[in-house]
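Written out below as structure tokens is the structure these notes cover.
Read-outs throughout are calculated quantities, based only on the coordinates presented, and are distinct from any laboratory measurement. Owing to the predicted nature of the structure, the values given are computational and were not obtained by experimental measurement. Reconstructed Cβ throughout: ideal geometry from the backbone, glycine too, with neighbour counts over all protein chains shown.
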Amino acid sequence: MAYQAFYNKYRPQTFDEVVGQKAIVETLRNAILEDKIAHAYLFCGPRGTGKTTMARLFAKALNCKEGMGHQCNECDSCISIMRGEHPDVFEIDAASNSTVDSVRQLIDNVSYQPIMSRYKVYIIDEVHNMSNSAFNALLKTLEEPPEFVIFILATTEPQKILPTILSRVQRFDFNKVSEKDLIHNMERVLDSENIQYENEALRLVASLSDGGVRDSLSLLDKLVSYSGENLTIQDVNEMLGLLSLSDELDLVNLIASKKTDECLTLVKDKYEHGMDITRLHADLIRIYKDFIVYHSTKDEKLLDRLKADEVLSLNLSLEEARRNIDYLLTAKREYRNTDDVFSHFELTLLSLMSELVVTTPVVQQATPVKEEKPKANTIVSVATEVKSEKQEKGIDIEVKKQDTGSDRITCNQDEILNLMLQADKQARIDVSAKWSTLEQFFFDQNKSFQAKAMSTSKVRLVAKNIILITNPFAAEIDKINTKSTQPILRAICKELFHEEYYVLPVTEDEYKGAVQKYKMGERPAITKPNIDFGETPDLNASTDFLNDLLG
């Protein structure tokens, strides 16, 4: 007998053998036992989760010679369904039978009585491929078929099916199968094949299968052909071009330690030996996620890829993990736009390490500032002293004292609305045209962290010397929405636009709120922008004169 792939050889032949989908199995069983059988069903869900298999099992349970609900696998009806030769069970591929003529031919045959069974069952696979005209031709038959006919439609994309079809069927949504169930099923298969295995190898195969039973067995079949009688985690890594977990943890620690040479050497060496870059990228996200979850909950049961001791072996902070996972998620979306996957991953690693260079020392290397006598250009401290002296002498001079209580730049909707009224449309067009060239700053150790956050943001308006930007990711806003980063942002703008601009990052909600006020006709009096970017506001002439004297 010809060799059978695992997913065919071990395809479930009874409801009890189905992996996962317990709720659907029980519902169909009860429908048969209580004689509440619908005339049309829709099985939808991800690939490889058992939709077609369940349709065959349902047809078998309806037509088994031992009685309704049985699946003896010994009678003529059960054996014929197993072999795909039953004259009353039709499996139709909608991808190759999507036309109106195909549907009309099906409808012509529906009215004939079954040959050897109680029911005629039409299983239409990948039904979303049918044309609208074919769907419309099927409508009437699907709504009122003969009492001995049952339709089972299967699809991975239910959103493509006409609402008029959906309203005529009972819908069952198949979920991705849990890793625990996938591992249990693979253990059953390997035990039947007398093949030894490591639990970690099956765990990795299950995670790579993304909830698909067929995918897990196909992958297992290939790995068994490679490894022979003993399946190990090393075989899985070598066959699929994966980095071992220990190597991935080493890579995370190298990133945290900013050891650029060692980090890039490790990745390049593994890539030359067949490593899957996109899989490594996804694994790094899972590692950082597990790190955050464990440090937030201290519950090892919630971990996906790591164990508690492996989490504790990572030499990084919670803040770094959050920042890195955010950056990795952003970079992951760019793989579809690049031809050189490896170079993109290398640049991602460089950016991760350069971000740490910029941000980490801010707190750790803070040193007391030596107290010096105020000079003419130290306006804030001088102006504050001047104000108190003037109040004693009865001289009224209004001087703003800089708010040092928070490093965050604050701006309400009214201030954004005020900027809208003073916006320069042409300036916004000019700034937006050059905005994409911020990529060049990624390689600058002192600017890459802020430049990345700026480049993923959108220029909304330019008013006076202020560029207002928004970003859909709160983490990107947090990177640049501080007074301490303004000098760097202004330096970037100076080099890019040859003009000095303040950069005002706001959330999408804040900006949309101001836009809504604008649309509703709110027009406040135009005033000079009064936003604290961390620099001392201009003082009036009398104060400048006093500062000069004191200087």
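So which GluC sites (Glu not before Pro) in region 126-207 end up in coil per DSSP with only 10 or fewer other C-beta atoms within 10 Å?
GLU147
Note on region 161-182 and region 262-301: Cα centroid distance 33 Å, given to the nearest whole angstrom. Packing, taken as the mean count of other beta carbons within 10 Å per residue, orders the peptides 203-213, 325-335 from highest to lowest as 203-213, 325-335.
Close lysine pairs were tallied over region 245-361: pairs 8 or more places apart or on different chains with Cα atoms under 14 Å apart number 4. Computed over the alpha carbons of region 245-361, Rg followed by Dmax gives 13.8, 41 Å. The modelled label-to-label distance for the pair ASP108/GLU74, using points 7 Å beyond Cα in the direction of Cβ, is 4.2 nm.
If contacts are Cα pairs under 8 angstrom and at least 6 residues apart, what is the relative contact order of region 240-332 in percent? It comes to 32 percent, rounded to a whole number. Legend: calculated FRET efficiency, THR527 to ASN315, from the Cβ-Cβ distance at R0 = 60 Å, rounded to 0.05, equals 0.75.
Note on ASP101 and GLU495: their simple-model spin labels are 6.6 nm apart, each label 7 Å out from Cα toward Cβ.
With a Förster radius of 30 Å applied to the beta-carbon distance between ALA282 and GLN234, the computed FRET efficiency rounds to 0.90.
Counting only the Cα atoms, region 458-542 fills a convex hull of 116 Å³ per residue. Length gained on full extension, SER455 to SER432: 7.2 nm, using 0.36 nm per residue less the C-alpha separation.
Distance between the pseudo-spin-label points of ILE195 and ASP247 (7 Å out from Cα toward the beta carbon): 2.2 nm. Label point of GLU262 set 7 angstrom out along Cα-Cβ; within region 290-328, amide nitrogens under 16 Å from it belong to 313-316. Between GLU187 and ARG408, full extension at 0.36 nm per residue minus the direct alpha carbon distance yields a gain of 74.1 nm.
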